[in-house]
Every structure is written in C-alpha cells, then in structure tokens.
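Working notes for the structure below.
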C-alpha cells in the first residue's frame with residue numbers, strides 16, 4: 001500500500017529535490033522499523049488462531065500502540081509526499097486534484113491510526129484498537145464518493 005502510493009506520488013512529483021528525497025528516506029526508515037511490530041502482530045494473531053495465545057508473551061496494548069504509531073507516522077509521511085507533489089508547477093489541474101485527494105486520503109489513514117493508538121493505551125478499549133482500521137473502507141469510500149476527482 002505504501003509502496004504503491006510512493007509510485008503514484010513519484011509519477012505526480014516528477015523530478016524531486018532535497019525535500020522529496022528527505023521524505024522518501026524517512027519513509028524507508030519507517031518501513032524498516034515498522035516491520036518488527038508487524039511481525040509481532042502476525043505471530044500473536046497466528047498464536048490466537050492456533051488456540052495457543054500463551055505463545056505470544058508480550059503486551060497486546062503495547063503492540064497495538066507501537067503498530068499504530070508506525071502506521072500513523074508512515075501515513076503522515078505519505079500525505080506529506082502528496083502535498084509535496086503539489087509544488088510541481090507542471091501538474092495539470094486533474095493531476096493537482098489527484099495529488100490533493102491522495103493527501104487527504106493519507107490524512108484519513110493517519111488520523112485513524114492515531115485514534116487507534118490512543119485507544120490502545122487505554123485499559124479496556126485497547127482490545128478494540130485494531131478493529132478501528134476496519135472503518136477505513138467506509139471513511140475513505142465516503143471521502144472518495146464526495147471528492148470531485150475530475151475538474
């Protein structure tokens with residue numbers, strides 16, 4: 001998802017500068033850091049499905065918090081990349097609208113991640129934190145339906 005968006009951004013941005021290079025390097029760094037909690041979530045989920053929840057010895061609340069922080073950071077960086085694409089003076093009005101719409105979508109993703117992260121830190125609701133991501137098809141669907149993609 002992040003890689004595909006980066007390819008879309010690159011097509012819109014054209015030749016980059018130091019700002020686009022810095023954002024790309026930060027995104028790559030975050031992906032490398034993000035793999036660790038993603039792997040832990042896969043192990044915890046597999047243990048749960050296998051009926052052996054004791055296999056995962058970590059705190060689910062901390063796991064959801066770290067995962068949410070990574071997701072939020074990567075979404076924010078991707079939103080900034082699409083905002084950066086708007087600096088390309090050669091963009092057509094339709095491409096400009098596309099870049100702005102993508103920036104908003106990534107902001108929705110990041111906001112969902114941030115709310116999930118906050119939920120993960122609260123005892124009780126922390127178990128529902130990962131399910132908040134299931135609302136994304138609805139929120140992004142409503143946004144995409146209301147956003148005027150064609151100028």
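In the chain, the longest principal axis of the Cα atoms and the axis of helix 2-13 are about 10 degrees apart. Which value, in Å to one decimal place, does the Kirkwood hydrodynamic radius take for segment 5-54 when every pair of different Cα atoms is included? Mean inverse Cα-Cα distance, inverted, gives 13.4 Å.
The alpha-carbon atoms of segment 81-126, seen along their principal axes, cover 50, 14, 5 angstrom, with the largest extent given first. When the P(r) is computed for segment 49-151, the part past 23 Å accounts for 40% of the Cα-Cα pairs. Put simply, the C-alpha atoms of segment 12-86 give a gyration tensor, and the ellipsoid matching it has half-axes of 34, 10, 9 Å, longest first. Extension gain, residue 21-residue 134: 0.36 nm per intervening residue step, less the Cα-Cα distance, totals 37.5 nm. Straightening the chain between residue 3 and residue 43 buys 12.1 nm, computed as 0.36 nm per residue apart minus the Cα-Cα spacing. Look at the alpha carbon pairs under 8 Å that are at least 6 residues apart: their mean separation over the length of the chain gives a relative contact order of 27 percent. Computed extension length for residue 31-residue 148: 39.0 nm, one decimal, from 0.36 nm per residue of separation with the Cα-Cα distance subtracted.
Readers should treat all values here as calculations from the given coordinates under stated rules, not as data from a laboratory. Fair warning: this is a prediction, and the values are worked out from it, not measured in the lab.
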